[in-house]
Amino acid sequence: MDKKVIFSGIQPTGTFTLGNYLGALQNWAALQDEYNCCYSVVNMHAITVRQDPKDLRANTLSAYAMLLSVGIDPEKCILFIQSHVRTHAELAWVLDCYTQFGELSRMTQFKDKSARHPENINCGLFTYPSLMAADILLYQADLVPVGDDQRQHLELTRDIAERFNGIYGNTFTVPDGYYPKLTARVMSLQDPTKKMSKSDDNPKSYISLLDPPATIVKKIKSAVTDSDSLVAYREGKDGINNLMSIYSAVTKKSLEQIENEFVGKGYGDFKQAVGEAVAEALRPIQEKHAQLMREKAFLEDCYRAGAEKAQQVSQRTLDKVYKKIGFLPR
Ligand code: ATP
Ligand code: LTN
């Protein structure tokens, strides 16, 4: 039987965080043997928020190298940069015409981002989810590994696919989300009720995958926790729950083992251990990234080959769509 198809994307809006890694990227690498995987650096989504062109270019290359550094193998997967493959913009326009204004108005990411950037509530920010739907549907993806914050966008993608299939007959595979259990939502270190985000104004709120070990330990030590001193996973202890989930994800210890490990010890010891474990988990990724960033020609070869493969696969879906909706072939 043919392997099932996976698609996922990540925006090059800054250096990836521990949230991106534990919520998404770690799974991307883990799934590549079992599935046909397509992964994309979605720079077209990134410009829905104003970007400095020089930074966007640098962040895109660094993001691409980071995907290789976390273990994604370009021989096994299709790994590409979104703007290199024309079909994404083309299908997005078609899907815009099958997505309702009301549906897009209900998206919480749109509401959050327009509140954060009141000076630039552009139409791209509004139609962001139909470009994301195009990304996914072009590859006939069965499964989309993402963090919890993308659940609503994925539901909308399914609705768009079902609607289109309903009108024109079976055209798109209707995809399912794939969310990690414990770390689908890694929380901000400064406000554990908010998700950790790479575009947060306060760098103390997130661990960047390129933070040096001393910075990682320092940031974890200054993470906001409660005034209790019991290392235990309980309702209301958002800060400690977050650190326990992180520690569990990087050490593979269960929450119970962690509670036992810190019986009679305070938050100080616990935070030191979490900081060190995270730094240790990121060390090989950082070494690989530094090495790849010195090999620009290799990176270029990789993303060119990735774009070619992506173009080929996605063109088949786009052709089918154009035919079904009545576009006269050239
Ligand atoms: P931005 O801050 O620019 O909006 P982001 O940090 O939220 O970006 P995205 O590029 O939007 O990151 O997301 C990439 C992937 O990482 C998505 O699958 C998303 O669900 C996941 N992700 C992002 N933040 C977290 C988090 N705090 N916990 C778990 N997963 C996350
Ligand atoms: N919207 C996603 C990034 C993204 C994506 C995709 C994820 C764009 N296209 C396709 C999965 C599949 C985000 O903000 N994390």
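Just so it is clear, none of the values below were taken in a lab; they were calculated from the coordinates. These figures come from a predicted structure and were not determined experimentally. Neighbour counts are summed over all protein chains in view; Cβ atoms, including those assigned to glycine, are modelled from backbone coordinates with ideal geometry.
Here the condition is being surrounded by fewer than 16 Cβ atoms within 10 Å (Cβ to Cβ), more than 9 Å from ligand 1 (Cβ to nearest atom) and closer than 22 Å to Asp112 by Cβ; of Asp191, Asp148, it holds for Asp191 alone.
Scanning the stretch 56-66 for any residue that is over 24 Å from Lys113 (Cβ atoms) and over 17 Å from the mean Cα position of the chain (by Cα) turns up nothing.
Name the single residue that is farthest from the chain's Cα centre (by Cα) among those in the stretch 14-29 being within 8 Å of ligand 1 (Cβ to nearest atom) and not in a helix (DSSP H, G or I). Once the filter is applied, the top-ranked residue is Gly14. Glu75 meets all of the listed conditions (1) under 20 Å from Cys37 (Cβ atoms); (2) touching a residue at least 12 places away in the same chain (Cβ under 8 Å); (3) surrounded by fewer than 20 Cβ atoms within 10 Å (Cβ to Cβ) but one, namely (2).
Got a sec? Which helices (runs of 4 or more DSSP H) wholly within the stretch 166-278 have at least 2 residues that are touching a Ser or Thr at 6+ places or on another chain (Cβ under 8 Å)?
Helices (runs of 4 or more DSSP H) meeting the threshold: 238-251, 255-261.
Among residues of the stretch 39-50 being out of contact with any Ser or Thr (no Cβ under 8 Å at 6 or more places or on another chain) and surrounded by 20 or more Cβ atoms within 10 Å (Cβ to Cβ), the one that is nearest to Ala249 (Cα to Cα) is Val42. Tell me whether the stretch 136-154 contains one or more residues that are hydroxyl-bearing (Ser, Thr, Tyr) and assigned to a helix (DSSP H, G or I). Within the stretch 136-154, not a single residue is hydroxyl-bearing (Ser, Thr, Tyr) and assigned to a helix (DSSP H, G or I).
Residues in the stretch 39-72 that are among the hydrophobic types (A, V, I, L, M, F, W, C), over 17 Å from Ala24 (Cβ atoms), within 16 Å of ligand 2 (Cβ to nearest atom) and in contact (Cβ under 8 Å) with a residue 60 or more places away in the chain: Met44, Ile47, Val49. Which residue is farthest from ligand 1 (Cβ to nearest atom), if the candidates are limited to the stretch 30-58 and must be part of a loop (DSSP other than H, G, I, E, B) and within 14 Å of Pro74 (Cα to Cα)? It comes out as Asp33. Can you tell me how many residues in the stretch 95-143 are within 15 Å of Thr48 (Cα to Cα), within 10 Å of ligand 2 (Cβ to nearest atom) and aliphatic (A, V, I, L, M)? Here the count works out to 2. Scanning the stretch 123-139 for residues that are crowded, with 22+ Cβ neighbours inside 10 Å and away from ligand 1 (no atom under 14 Å from the Cβ) turns up Ser130, Ala133, Ala134, Leu137, Leu138, Tyr139.
Scanning the stretch 1-13 for residues that are touching a residue at least 60 places away in the same chain (Cβ under 8 Å) and either within 9 Å of ligand 1 (Cβ to nearest atom) or touching a Lys or Arg at 6+ places or on another chain (Cβ under 8 Å) (or both) turns up Ser8, Gly9, Thr13.
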